[in-house]
Amino acid sequence: MPYRVTFVCTGNICRSPMAESVFRHHVEEEGLDVEVDSSGTGGWHAGDAADSRTVAALSRAGYRSAHVARQFEDGWFADYDLVIALDQGHRRALRAMAPDAGAREKVRLLREFDPAAGADLDVPDPYYGGRSDFDHALELVEAAMPGLLGEVRAAVKDG
């Protein structure tokens, strides 16, 4: 059974599909048996494509994106090995909906995997910003990837 990782932001149209695309690129490049997807804490964008500015930022950096937004459901915790929140508000919401301590332990912040992040563990929401805000969010996502990949790689080998 593949290792499963999901990324969660607010509406699942900016940050989490960005992280999903970048992480999927890396796990495919390494040939890891990992399934990657994303969702949002809210459902108001369910069924929508990723924000066009997210798609543009990903494209500029050489990533591809085919995405349909959806809302995270509390019954999904059993389906994932890691539930990666993009900011502390998402982490609080996810931990509050977790059915037990084991599920709560699966919830991590993406920037926990970036040793340069320091105490600033949020990926800021670029939704109300412009191109530079989306590019900055992508930079923060990319900075966390080596650490996340290292942890997932070790888990896949141990599993």
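Annotations
- Cβ-Cβ under 8 Å pairs, at least 6 apart or on other chains, the stretch 120-148 side closer than 16 Å to Val55 by Cα, far side of a type in the set (D, E, K, R) and surrounded by fewer than 17 Cβ atoms within 10 Å (Cβ to Cβ): Asp135/Arg60
- Entry remark, the stretch 77-101: residues being closer than 23 Å to Tyr3 by Cβ, assigned to a helix (DSSP H, G or I) and open to solvent by 40 Å² or more (accessible area, probe 1.4 Å) number 6 in total.
- In the stretch 117-151, the residues that are closer than 17 Å to Asn12 by Cβ and in contact with a Phe, Trp or Tyr (Cβ under 8 Å, 6 or more places away or on another chain): Pro126
- Val36 being open to solvent by less than 50 Å² (accessible area, probe 1.4 Å) and either among the hydroxyl-bearing types (Ser, Thr, Tyr) or outside any loop (DSSP other than H, G, I, E, B) (or both): yes
- Residue among Arg24, Arg64 that is within 13 Å of the chain's Cα centre (by Cα), open to solvent by 40 Å² or more (accessible area, probe 1.4 Å) and not acidic (Asp, Glu): Arg24
- Matching entry among Ala49, Ala61 (being closer than 14 Å to Ala19 by Cβ, modelled with pLDDT of 95 or more and among the aliphatic types (A, V, I, L, M)): Ala61
- Qualifying residue in the stretch 8-26 (condition: closer than 17 Å to Val141 by Cβ and part of a strand (DSSP E or B)): yes
- Residues that are acidic (Asp, Glu), open to solvent by less than 70 Å² (accessible area, probe 1.4 Å) and outside any helix (DSSP H, G or I), drawn from the stretch 104-159: Asp114, Asp122
- Boolean, Arg4 is charged (D, E, K, R) and outside any helix (DSSP H, G or I): yes
The values are calculated or read from the model by the stated rules, or taken from the named source; none is laboratory data. Only a predicted model underlies this, so the values are computations on that prediction, with no experimental measurement involved. Counting neighbours? That spans all protein chains shown, and the Cβs are built from the backbone with ideal geometry, glycine included. Just the protein is used for accessible areas: all its heavy atoms, side chains included, with ligands, DNA and RNA removed. Shrake-Rupley method; radii C 1.70, N 1.55, O 1.52, S 1.80 Å.
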